[in-house]
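Undergrad: Input: one structure, supplied below.
Bear in mind these aren't lab numbers, they're just calculated from the coordinates by the rules spelled out. Since we're looking at a predicted model, the values are computed, not measured. Glycine gets a Cβ as well: all are built from the backbone with ideal geometry, and neighbour counts include every protein chain shown.
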Amino acid sequence: METINTEMKKEGMYDNVLRQYNQAADIIDLHSGIRKILVNTNNEIVVHFPVKLDDGTIEVFTGYRVQHNNALGPYKGGLRYHSTVDIDAARALAMWMTWKTSLVGLPYGGGKGGIQINPNNYSIAELERITRRFTYALGDNIGPDLDIPAPDVNTNSTIMAWIADTYSSIKSPSVRQKNLHVVTGKPVGSGGLEGRDRATGFGVVTSIKKWAKNAGKDLNGMTFTVQGFGNVGYWASHFLVQEGAKLIAVQDASATLVNTQGINPEELLDHSKGNSGNIQGFSDGTELDSELFFGIECDIIIPAALGNQITSSNCHEIKAKVIAEGANGPINVDAERAILEKGIEIIPDILCNSGGVIGSYYEWLQNKRSENWKLETVLDMIEDKLGIAFDKVAEVSKQYGVSWRVGAYIVALQRLELTYKERGVFP
């Protein structure tokens, strides 16, 4: 499970991204016409499709794909399988992807989507049929040079392989191999990238290392907490512990665990794998009331679950030095204002968790070139590209006297604005 709060406030998340966008647009006096373009989505696709379940009954599912903007390249963004997926959530997340890909200099736009479903209620065979039927329903609305989905909440490399296989199978035999990179995040044996599984978590820690270096701090001996122990939460913990930091608390939907002496992320992962993905019952941690999680005293907080987890109701409890946003939109605008006033720094999501989409870009490029890169090479390339973006955000934030989030938005919007000014608007 990815979050403690299954009632994600989707309208609040969409409102957050619009408020963040408008704040940065005001500061740089973004061209009024371009501002109108970027506040709207290009396409919003809703599909209803039937699937026969294991017991022979038929259920109709609803899937979404929002394509926000493709001025810089094909739409890019994850597919999530979650009960909170709807058009508002997809809009917000698609817009964030546009800013994220622009910020880190990728030739992509922003897209997002998924199926409104609780995957725990279905067998593996049913999930495969649901995924393949969803892919067929989307049809040519996705494609390796049009819109390239990737894993997100409750989706993984296996689901991406099903999508790639289904999409390529409905193409002419002569071009099937040219369509396998319709998705990224595939298994390595099916054209996936070495290290794509850890790219987002690795990027989070790369950002934390850059923050520590800029602040003249040593990560060795620092304490940190993680909300969400899925792919991002685990890998962020793994790499941060390697830097000498100590994981003292973890929270997911099943429990909040605390151990001030340190939690071993590898042992916790082994436990969760044998416990339906839940951390509850881990012997090397004491369970704590979930409402107390953000008040745990530590140096670093990594929210790696869903959106709107830190709000005005709990932000005043935070005692950390920095919050590194492993999730998309984990802090709402009002809470962020209060956090910054306390002198706590925030590494914004569109920068901090961009390692995932950077890794996806290299997988897509590897497929187009029919190449295979080593893990060390991949991690070096992710670290390099994210490091350049971090330095640019730090520079622009200082130039304008704004927070890192506003600085990140300014960098992203200025690149998009330049592209529109150079190309013009058809016709």
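Undergrad: If the reach is capped at under 24 angstrom between alpha carbons, list the lysines near K368, excluding any in the same chain fewer than eight residues apart.
TA: Qualifying lysines at Cα under 24 Å: K76, K100, K112, K171, K178, K186, K385.
Undergrad: Tell me which of S168, W211, G189 sits at the most positive position along the dipole axis of the range 147-212, charges placed on C-beta atoms (Lys, Arg +1; Asp, Glu -1).
TA: Highest projection toward the positive end goes to W211.
Undergrad: Quick one: T377, T256, fewest Cβ neighbours within 10 Å first, how do they rank?
TA: Ordered from fewest to most neighbouring Cβ atoms within 10 Å, T377, T256 come out as T377, T256.
Undergrad: Using the 2.2 N^0.38 Å rule of thumb for compact globular proteins, work out how the range 188-288 stacks up: its C-alpha Rg over that value, please. Don't skip to the end; give the middle numbers.
TA: Working: Rg = 14.2 Å, N = 101, 2.2 N^0.38 = 12.7 Å.
Here the Cα radius of gyration is 1.12 times the empirical estimate.
Undergrad: Say the dipole of the chain comes from +1 at the beta carbon of Lys and Arg and -1 at that of Asp and Glu; which of G63, G262, L240 then lies farthest toward its positive end?
TA: G63
Undergrad: Roughly how many nanometres apart are two label points built 7 Å out from the Cα toward the Cβ at S283 and N214?
TA: 4.3
Undergrad: To continue, here is another question. Just report the Cα centroid separation between the range 95-126 and the range 37-86, whole Å.
TA: Value for the Cα centre distance between the two parts: 9 Å.
Undergrad: What is the distance in Å between the Cα centres of the range 286-332 and the range 385-427?
TA: 27
Undergrad: Sorting Y420, Y108 on the 10 Å Cβ count, fewest up front, what's the list? Show your work: numbers first, answer last.
TA: Values: Y420 15, Y108 26.
By the 10 Å Cβ count, ascending, the order reads Y420, Y108.
Undergrad: How long are the three semi-axes of the equivalent ellipsoid of the chain, in whole Å, if each is the root of 5 times an eigenvalue of the C-alpha gyration tensor, listed from largest down? Walk me through the intermediate numbers first.
TA: Working: eigenvalues 189, 150, 85 Å².
Equivalent-ellipsoid dimensions as semi-axes: 31, 27, 21 Å.
Undergrad: S174 to E267: FRET efficiency via 1/(1 + (r/R0)^6), r the Cβ-Cβ distance, R0 41 Å, to the nearest 0.05? Can you show the working numbers first?
TA: Working: r = 50 Å, r/R0 = 1.22.
Between S174 and E267 the formula returns 0.25.
Undergrad: Another one. Using Cα pairs under 8 angstrom and six or more residues apart, how large is the relative contact order of the chain, in percent? Please list the in-between numbers first.
TA: Details: 886 pairs, mean separation 78.5, N = 427.
Once divided by the residue count of the chain, the mean separation gives 18 percent.
Undergrad: Over the Cα atoms of the range 199-352, what is the Rg over Rh ratio if Rh follows Kirkwood? Intermediate results must be reported in sequence, preceding the final value.
TA: Details: Rg = 14.1 Å, Rh = 15.1 Å.
Taking Rg over the Kirkwood Rh, I get 0.93.
Undergrad: While we're looking at this one, here's another question. Using 0.36 nm times the number of residues separating E341 and F426, minus their current alpha carbon distance, what extension gain do you get? Each step should come with its number before you reach the end.
TA: Numbers: separation 85, 0.36 × 85 = 30.60 nm, distance 4.41 nm.
That works out to 26.2 nm of additional length.
Undergrad: Taking the alpha-carbon centroid of each part, what is the distance from the range 145-216 to the range 228-267 in angstrom?
TA: 24
Undergrad: Charges on Cβ only, +1 for Lys and Arg, -1 for Asp and Glu, centred on the Cα centroid of the chain; of T200, F294, G359, which one is farthest towards the dipole's positive end?
TA: Going by the Cα projections, it comes out as G359.
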